[in-house]
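Down below is the structure, laid out as structure tokens.
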Amino acid sequence: MQGLLLKLSTLDADAESAVRVIAYFDSLLRDHVSVPTLLAATARLAQCPVGLLDAATGRRTRTSPRGAVDTPAESPAQVRELSDGLGAVWMEREGPAHGLDEIVLERYAVAAEVTLERAAALARSGQDPALVELVLSAETGEAERARALRLLGFAPSAPLQALAIALPDRGPDRELAAGLRAMGHQVRATRIGDTEAVLVATTLPRDLPEGSRVGIGPELPGARAAESWAGARTALRFTGPHDHVMRWSELGALALFADLPEPAVAGLADVRAMERLGEESLAAVRALCLAGSVRGAAATVHLHHSSMAARIARAESVLGFSLADAAGRLRAHLALALVRLRANLRSGTPA
């Protein structure tokens, strides 16, 4: 919208002015403005605060002619109800009403109905990534999250999982989300910073389509999607070149380390020792931790068990502890996870 067509304070309530008011709101609708933009434009036109009650969320928003936005405790007594139970709009003029107030309120109500319905239609077709961000935000109210979930096609009580996908430097990588859709999953996605945020409505399979590093949050009701998203971001911190997928449900007590600052992780002796290992010894330790025995580790990486034993021995000399028992392997497993965590902290993988 390129500017005001009129200012009510300087016009009489004649037919020409009424037509200009109608044209003003028609121009806003042609521009497909958002609800906040509609409120701001109406307040500037009327030169008084205006408000809107969104019945789906119960949220009241008031905007002043200068653009200040707040949340009034309740709507004024004189409001204009919107059709289909969408909510209501109002104007808050101090002093006597202006001659054009009635037509402004009428056209404002019509524009609000169209804008709310248009936003809902776009959301139902998955074209409103902002709704995904709203669902995942810990700051979103319960009613507002429930409405956003419904607009995205999810029931607030139905189980959802959030995924945090590390985007490569070359730009967004939509392969995983596309792969999940191809497998029949209901998926909604958006980009949040350097991470692709994905909402999935059904339980994920063990084997996911190949793609970027992925953190998978716990399966929770949609109303608790923010908790699943927090778990997904934490799991993402523990992914690495050999561990592309990490699930929050499999982190266990390891999740307690996620919020450690990078210098604290770097200061751990086991982490420093693990980072000194060469690639062959590192791969041998990783295989031993997964297999639980030298012979099993050797079979995993297609080595003779004597060769694997030699690599493990070299690794033990650097690490300073034995990997022959469960306690040593647990210690090594933790150190490997913290090495991945430190690498992600240093590279700026989103928290």
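The GLN47 and ALA23 beta-carbon pair, evaluated with R₀ = 22 Å, returns a calculated FRET efficiency of approximately 0.75.
Hydropathy first: keep DSSP H helices in the chain averaging at least -0.5 on Kyte-Doolittle, then drop any whose Cα extent along the axis falls short of 24 Å, and list what survives.
Values: long enough: 101-124 (34 Å, 0.34); 326-347 (32 Å, 0.34).
Once both thresholds are applied, what remains is 101-124, 326-347.
Take the Cβ atoms of THR202 and ARG346, set R0 to 25 Å, and the FRET efficiency comes out at 0.10.
Ignoring ligands, DNA and RNA, what percent of the accessible area of the range 183-280 is carbon or sulfur (1.4 Å)?
Values: 2440 of 4620 Å².
After summing per-atom areas, the C and S share lands at 53 percent.
Could you calculate the contour length gain from GLU279 to ALA266, that is, 0.36 nm times the residue separation minus the distance between their Cα atoms, to one decimal place in nm? Before the final figure, lay out the partial values.
Numbers: separation 13, 0.36 × 13 = 4.68 nm, distance 1.90 nm.
So the extension gain works out to 2.8 nm.
Entry comment: accessible area of the chain is 49 Å² per residue, from protein heavy atoms only and a probe of 1.4 Å.
Accessible surface comparison of SER249, SER27, probe 1.4 Å, protein chains only, largest first: the order is SER249, SER27. Charged side chains reduced to their Cβ positions (Lys and Arg at +1, Asp and Glu at -1) give the chain a dipole of some 1340 debye around its Cα centre.
FRET efficiency for the pair ALA158 and ARG93, taken as 1/(1 + (r/R0)^6) with r the Cβ-Cβ distance and R0 = 56 Å, rounds to 0.80.
Overall shape: oblate for the range 288-335, with the ratio a/c of the largest to smallest alpha carbon gyration tensor axis at 1.5 or above and b/c at least equal to a/b.
Here the label points at SER34 and ALA178, each 7 Å from Cα along the C-beta direction, are separated by 2.8 nm in the simple model. Looking at the range 129-171, the trypsin sites (Lys or Arg not before Pro) that sit in a DSSP loop and have at most 13 other Cβ atoms within 10 Å of their own Cβ are ARG170. Here's the picture: a label point sits 7 Å out from the Cα of SER293 along the beta-carbon direction, and within the range 307-340 the residues with their amide nitrogen under 19 Å of it are 307-313, 323-330. Exposed loop sites here mean GluC sites (Glu not before Pro) with a DSSP loop assignment and at most 14 other beta-carbon atoms within 10 Å; the chain contains its longest site-free run at 211-351. Our helix-only sum for the chain, with -39,500 (n - 2.57) per DSSP H run of n ≥ 4 divided by its residues, gives a mean residue ellipticity at 222 nm of -14500 deg cm²/dmol.
Computed over protein heavy atoms with a 1.4 Å probe, the carbon and sulfur contribution to the accessible area of the range 39-99 reaches 47%. For the pair ARG66 and PHE321 in one chain, pulling the backbone fully straight at 0.36 nm per residue adds 85.1 nm over the alpha carbon distance.
The values are calculated or read from the model by the stated rules, or taken from the named source; none is laboratory data. Values in this document were obtained by computation on a predicted structure and should not be read as measured data. Quick reminder, even Gly has a Cβ in these numbers, built from the backbone with ideal geometry, and neighbours come from all protein chains shown. Side chains are part of the model used for accessible areas, which takes the heavy atoms of the whole protein and leaves out ligands, DNA and RNA. Shrake-Rupley method; radii C 1.70, N 1.55, O 1.52, S 1.80 Å.
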